1. Test THR109 against the stated conditions and say whether it is closer than 13 Å to LEU4 by Cα, touching a residue at least 40 places away in the same chain (Cβ under 8 Å), of a type in the set (S, T, N, Q) and in contact with an Asp or Glu (Cβ under 8 Å, 6 or more places away or on another chain).
2. Looking only at the stretch 87-106, which residues are within 19 Å of GLN44 (Cβ to Cβ) and loosely packed, with under 14 Cβ neighbours inside 10 Å?
3. Which one of the conditions (1) open to solvent by 60 Å² or more (accessible area, probe 1.4 Å); (2) touching a residue at least 24 places away in the same chain (Cβ under 8 Å); (3) out of contact with any Gly (no Cβ under 8 Å at 6 or more places or on another chain) does GLN44 fail to meet, given that it meets all the rest?
4. Output the residues belonging to the stretch 1-17 that are open to solvent by 30 Å² or more (accessible area, probe 1.4 Å) and under 15 Å from the mean Cα position of the chain (by Cα).
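The values are calculated or read from the model by the stated rules, or taken from the named source; none is laboratory data. Everything numeric in this text was worked out from a predicted model, so none of it was measured. Because the Cβ atoms are built from the backbone with ideal geometry, glycine has one as well, and the counts that use them run over all protein chains shown. Quick note on the areas: whole protein, heavy atoms, side chains included, nothing else; ligands and nucleic acids left out. Shrake-Rupley method; radii C 1.70, N 1.55, O 1.52, S 1.80 Å.
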Amino acid sequence: QVQLVESGGGLVQAGGSLRLSCAASGNTFSINSIGWYRQAPEKQRELVAMISGGGSTEYLPSVKGRFTISRGNAENTVYLQMDNLKPEDTAVYYCNARAIYSTYWGQGTQVTVSS
């Protein structure tokens, strides 16, 4: 089992920045990739950014160039630096970890961007 705990959400004005953190614990050796999804009201959950064990990354096209995903030195922490935030980035952001046979989710953290 893997446990994921997010932090760093909040309220920010358009153009501002936030940094989300996700700390993984438990069987972290089983994780192949880790990243972030988000879900806005009445919309489907979507992949925002993901980083693999080898360091390769993928991003939602609308956040590319504004968001940066990175791993912490401890390898069991992942960050999402969000710059130039827009009102359409408002959503609950979920940490997601993928293992060979399982997928794990954090509890979510709210990000609200005011115009």
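1. When the stated conditions are applied, THR109 passes them.
2. PRO87, GLU88, THR103
3. Failing condition for GLN44: (2).
4. Answer for the stretch 1-17, where residues must be open to solvent by 30 Å² or more (accessible area, probe 1.4 Å) and under 15 Å from the mean Cα position of the chain (by Cα): GLN3, VAL5, SER7, GLY8, GLY9, SER17.
Here's the yes/no breakdown for (1) modelled with pLDDT of 95 or more; (2) open to solvent by 10 Å² or more (accessible area, probe 1.4 Å):
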| site | (1), (2) |
| --- | --- |
| ALA40 | yes, yes |
| MET50 | yes, no |
| GLY54 | no, yes |
| TYR79 | yes, yes |
| GLN110 | yes, yes |
